[in-house]
1. What ranking do 370-381, 436-447, 421-432 get when scored by the average of other Cβ atoms within 10 Å per residue, highest first?
2. Antiparallel as a % of all DSSP beta bridges within region 400-483, to the nearest 5?
3. Return a whole-number percent for the relative contact order of the chain, with Cα pairs under 8 Å and 6 or more residues apart as the contact set.
4. Could you list 277, 194 in order of exposure, starting from the residue whose Cβ has the fewest other Cβ atoms within 10 Å?
5. Using just the helices of the chain, give the 222 nm mean residue ellipticity in deg cm²/dmol: DSSP H runs with n ≥ 4 each add -39,500 (n - 2.57), and the total is spread over all residues, rounded to 500.
6. Measure nothing fancy, just the Cα-based angle from helix 2-22's long axis to the longest principal axis of the chain, in degrees from 0 to 90, nearest 10.
7. Would region 35-156 count as rounded, prolate or oblate if I go by the C-alpha gyration tensor, calling it rounded below 1.5 in a/c and otherwise prolate when a/b exceeds b/c, oblate otherwise?
8. Mind running the shape call on region 211-382? Use the C-alpha gyration tensor, a ≥ b ≥ c as the square roots of the eigenvalues: rounded below 1.5 for a/c, prolate if a/b tops b/c, oblate otherwise.
């Protein structure tokens with residue numbers, strides 16, 4: 001009996017440990033920044049990483065978030081999204097096995113806060129579509145301007161959720177502060193910190209992985225169409241802050257037009273033809289990214305896929321926007337990975353533009369502002385060009401071939417065999433399932449025709465699925481590699 005009791009206790013501890021492991025610090029506005037906050041019109045003003053207005057036992061953090069609620073918006077909302085991927089299975093939050101929590105500072109007790117787990121693509125089709133199971137709520141009890149930790153209780157009011165939204169498709173948390181309130185008291189200022197919630201997991205990969213489109217040195221697959229009164233783009237300038245974040249000697253700079261262009265834009269065109277099918281970027285199977293240096297955190301950056309021949313807003317725009325928000329300190333390089341924001345058909349995008357029509361990317365800095373700041377960027381990763389080779393067999397007529405890597409799966413030294421039918425400039429790199437380059441095996445090497453075999457030490461890579469990309473005179477061939 002004692003042995004059986006010990007076994008039950010051990011099992012209970014194991015379950016408890018498994019539940020606890022799913023709880024993740026999503027944002028502390030200092031060193032852990034797993035989520036982003038896309039601005040929602042007419043909801044209020046969110047400012048990230050402000051000084052803690054009341055440091056003390058309830059919250060000693062130096063930096064927190066501040067939200068000035070809009071008094072005219074009865075359901076003033078903050079959208080919270082993973083910077084990369086979606087949330088892991090959230091069913092435990094519905095059953096009570098896990099609890100959302102955050103630190104909160106308000107004008108006083110009895111302020112209600114709701115957290116709603118959502119699928120943002122479905123949310124765009126109308127309330128309550130996209131809402132999972134119900135909502136989690138908490139009510140403040142602390143005195144004015146006193147930090148407290150709120151732990152949220154789940155409830156399922158009738159008509160508040162979408163039965164077709166499942167626990168494994170959540171990619172947004174909607175935070176509603178003082179829901180239903182209007183008038184002067186509703187325009188109060190609130191602070192929050194240390195948001196705890198579901199773990200973040202990557203989207204399943206799909207489609208052709210992104211390629212390096214421009215590094216302003218030896219890979220230049222795109223060009224930049226001048227746009228009047230938008231700002232000044234200069235290619236191939238010296239990197240103003242060489243560091244581990246970006247050690248490239250050459251980058252691009254953009255001095256944004258101020259009051260003359262609230263949507264100051266750079267048009268990035270393919271040098272010939274179109275991009276390959278971009279549908280995986282819409283679904284989250286692949287990600288746009290670039291290295292970025294700005295005057296500080298909180299700068300929003302947009303990319304929009306376009307059909308140049310149709311561009312006349314919203315004509316020519318594909319599906320929606322891709323956005324990222326800077327988090328690094330001023331003049332510090334960071335890598336921005338872009339999330340997809342569905343648009344509204346006929347309002348912000350053109351339903352006639354298909355995923356295979358894209359030949360331009362609009363890059364927009366600090367949209368909706370009068371900022372005249374200077375920005376630097378580098379290493380734009382995006383869709384391969386149409387016609388880019390993804391087949392991997394060598395034929396007599398092929399300019400190059402990329403044979404299967406071996407051993408595969410791998411845990412140590414791995415061979416990457418390829419062949420060239422004529423002399424060419426060759427690069428060979430390895431990318432993880434988020435499209436980040438994790439190894440550069442060859443970099444712009446001029447090689448004669450012949451058979452070759454490069455080597456990769458897979459022991460240096462974390463277990464997972466990788467894409468090996470061979471770039472031959474600007475044409476990419478890929479092979480998948482599994483690392484154990």
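1. 370-381, 421-432, 436-447
2. Counting only bridges with both partners in region 400-483, antiparallel ones make up about 95 percent.
3. Rounded, it is 13 percent for the chain.
4. 277, 194
5. -2000 deg cm²/dmol
6. 70
7. In terms of gyration-tensor shape, prolate.
8. Prolate shape, in that a/c is at least 1.5 and a/b is the bigger ratio.
None of the figures in this text is laboratory data; all of them are computed from the coordinates on show. Here the structure is a predicted model, which is why all the values come from computation and not from measurement. When we count neighbours, we look across all protein chains shown, and the Cβ atoms used for this are built from the backbone with ideal geometry, even at glycine.
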